[in-house]
Amino acid sequence: MPNADAFDPVMAVLRSAWGIEPATRHGDRLTSGFSGARLVMITGADGRRFVLKEWPAGTDRHRIAWVHALAQHLHDAGIDAIHPAVPTRSGDTVAADSTGASWELLPFVSGCCRASPTPSQAASAGQMLAHIHLAAASLPGSLPGLDVPAAVIRRTAGAARLVKHPWRLPSSTTRPEWVCGDILNAMAGAIASFAALGGEQAMRRVVASSRKAVPVQPVLRDIWYEHLLFESASSPQVSGVIDLHAAGIDTPATDLARLLGSWHEDSADTMPARWRDAIAAYESIRPLVEHERGLIPWLHASGVVLALDNWFRWIFDEERVFSSPNEVVARVHRLHTALPSCLRILSNPSEWLV
C-alpha cells in the first residue's frame, strides 16, 4: 500500500525536514499578499503549534537565507516579537518538498491585530518599529548608508506609467460578475476622483519629486496592521511581528507609511492625530531626519494610488484569476475609499503631519 506521504508532500517535508509528527492540520489557505503561497497551521503531537509557510515560487534561496538571517538577528538583539524560522534537522531554515516548493516552519504566535488601534497601541507600534530599525541597522553585510530609497524609485516609475496610461473604463463586459459590478464601479469612482482632485497633476508631481538621499537599511516593507499582533484587543503590548517575506533594503519611512497607512479610522480627522502619536513614540527611540519624516505621508498617499493602479491593471489588462474575489473586492474598495484623501495629501504632504 502506498505511503500516505506520497500523496501529501507538505506533510512529508514536515516529517522529514523537521521531524515533527502532526497531530492536527488546520488546512491550507492563501496568504494575504495574494501570492498564491500556501500556509498550513500545524499542531504537533507534543502540543506545540506551528505555521508551515511556503515561499512564493521562484524565490531565490539566497534571498530566503537573507530574510531568515534578518529575523534571527532581530530576535538575538532582543526583539522578542520577532520569531525566527525553526531550523531543520540538518540545521537549515528552509526545506523543499517533492514538488520543489520551498517551505519554512515558524512558531505559532498568538495575538490580536488591530485595524483601529488605541492611542497606547499606536504608540507601542511606533516604538516597536523603532526598536526593529535600530537593531536591523547592525545586520552584518547590510549596514546602513545614504541613497535614494527603492520605494521612491518605485513610486516615481509607477506614477510615470499612470500618467502615460491613465485609467479608462473597458469596453468589454465579458468578465466575471464581481468585476463587472464592484470593480467597474470602483474604477468609475476613481476616474471621477482623479478628474475632480487633480490626480494627473498629482502624479506628475510624484514623477518630478526630488530624489534626495536618505538613510537606507534593512526594513520590513510589508508591516501592515495584520502583521503586527497585540496580546489582546485592549493590550498595548506587542506579541508578534509576522511575515518578513518582503523585507529588503529601503528607507525606514516605508515601514511607517505602510503600517500607519493600513490603520482604519472612525473619522479622517482623527488619522493625523493617530499618526502623530505613533511617530512621536517612534522618534522617542529613533529620531527621523527631516526628509525621512516628510516621506511618510508621501509614501502612503502615492502608494495607495499606485496600488489601485496595480489592481486595475491586473484585473482588466492582465485578466488575472484570483481564488478569493471577495478579498480582492474588499482591497480595491478600501483603496478607492482612501483615494480622495491621498490625492489631497499629495497636493501638500508636508502640511499633513503639522
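The values are calculated or read from the model by the stated rules, or taken from the named source; none is laboratory data. Computed from a predicted structure; not experimentally measured. Cβ coordinates were reconstructed from backbone atoms using ideal geometry, including for glycine residues, and neighbour counts include every protein chain displayed.
Observations
- Of the residues Leu134, Leu220, Leu129, the single one that is surrounded by fewer than 19 Cβ atoms within 10 Å (Cβ to Cβ) and of a type outside the set (S, T, N, Q) is Leu134.
- When the range 24-50 is filtered for residues that are surrounded by 13 or more Cβ atoms within 10 Å (Cβ to Cβ) and modelled with pLDDT of 75 or more, the ones remaining, listed by number, are Ala37, Arg38, Leu39, Val40, Met41, Ile42, Thr43, Gly44, Arg48, Arg49, Phe50.
- The single condition among (1) more than 21 Å from the chain's Cα centre (by Cα); (2) among the aromatic types (Phe, Trp, Tyr); (3) at pLDDT 95 or above that Trp178 does not meet is (3).
- Residue match in the range 63-74 (condition: over 24 Å from Trp263 (Cβ atoms), in contact with a strand residue (DSSP E or B) (Cβ under 7 Å, 6 or more places away or on another chain) and not assigned by TED's automatic domain parsing to the domain that holds Trp224): yes
- Checked against (1) crowded, with 16+ Cβ neighbours inside 10 Å; (2) modelled with pLDDT under 95; (3) outside any helix (DSSP H, G or I), Arg274 passes all but a single condition, namely (3).
- Any hit, the range 230-242, residues being touching a residue at least 40 places away in the same chain (Cβ under 8 Å), assigned to a helix (DSSP H, G or I) and either outside the structural domain of Ala37 (by TED's automatic domain parsing) or buried (at least 16 other Cβ atoms within 10 Å of the Cβ) (or both): no
- Residue that is nearest to Gly100 (Cα to Cα) [pool: residues in the range 57-75 that are buried (at least 16 other Cβ atoms within 10 Å of the Cβ) and of a type in the set (A, V, I, L, M, F, W, C)]: Ile64
- Among the residues listed as Ala81, Ala85, the single one being part of a loop (DSSP other than H, G, I, E, B) and either free of Cβ contacts under 8 Å to residues at least 24 places away in the same chain or out of contact with any Leu (no Cβ under 9 Å at 6 or more places or on another chain) (or both): Ala85
- Residue that is in a helix (DSSP H, G or I) and either surrounded by 15 or more Cβ atoms within 10 Å (Cβ to Cβ) or of a type in the set (Asp, Glu) (or both), where the choices are Leu256, Leu288: Leu256
- Hey, Ala65 assigned to a loop (DSSP other than H, G, I, E, B) and more than 18 Å from the chain's Cα centre (by Cα) or not: no
- Test: Leu184 is surrounded by 13 or more Cβ atoms within 10 Å (Cβ to Cβ), over 26 Å from the mean Cα position of the chain (by Cα) and in the same structural domain as Ser302 (by TED's automatic domain parsing): no
- With respect to the conditions (1) within 27 Å of Ala65 (Cα to Cα); (2) under 18 Å from the mean Cα position of the chain (by Cα); (3) surrounded by fewer than 17 Cβ atoms within 10 Å (Cβ to Cβ), Ser116 lacks only one, and its number is (1).
- Listed by first and then second residue, the pairs with beta-carbon distance under 8 Å, at least 6 apart or on different chains, first residue in the range 327-342 and modelled with pLDDT of 90 or more, second acidic (Asp, Glu), are Val329/Asp182; Val332/Asp182; His333/Asp182.
- Residue in the range 191-200 that is β-branched (Val, Ile, Thr), within 13 Å of Val305 (Cβ to Cβ) and more than 19 Å from the chain's Cα centre (by Cα) present: yes
- First in the range 162-177 and among the basic types (Lys, Arg), second anywhere and loosely packed, with under 13 Cβ neighbours inside 10 Å, Cβ under 8 Å, 6 or more apart: Arg175/Glu319
- Taking (1) in a helix (DSSP H, G or I); (2) surrounded by 15 or more Cβ atoms within 10 Å (Cβ to Cβ) in turn, Ser142 satisfies each apart from (1).
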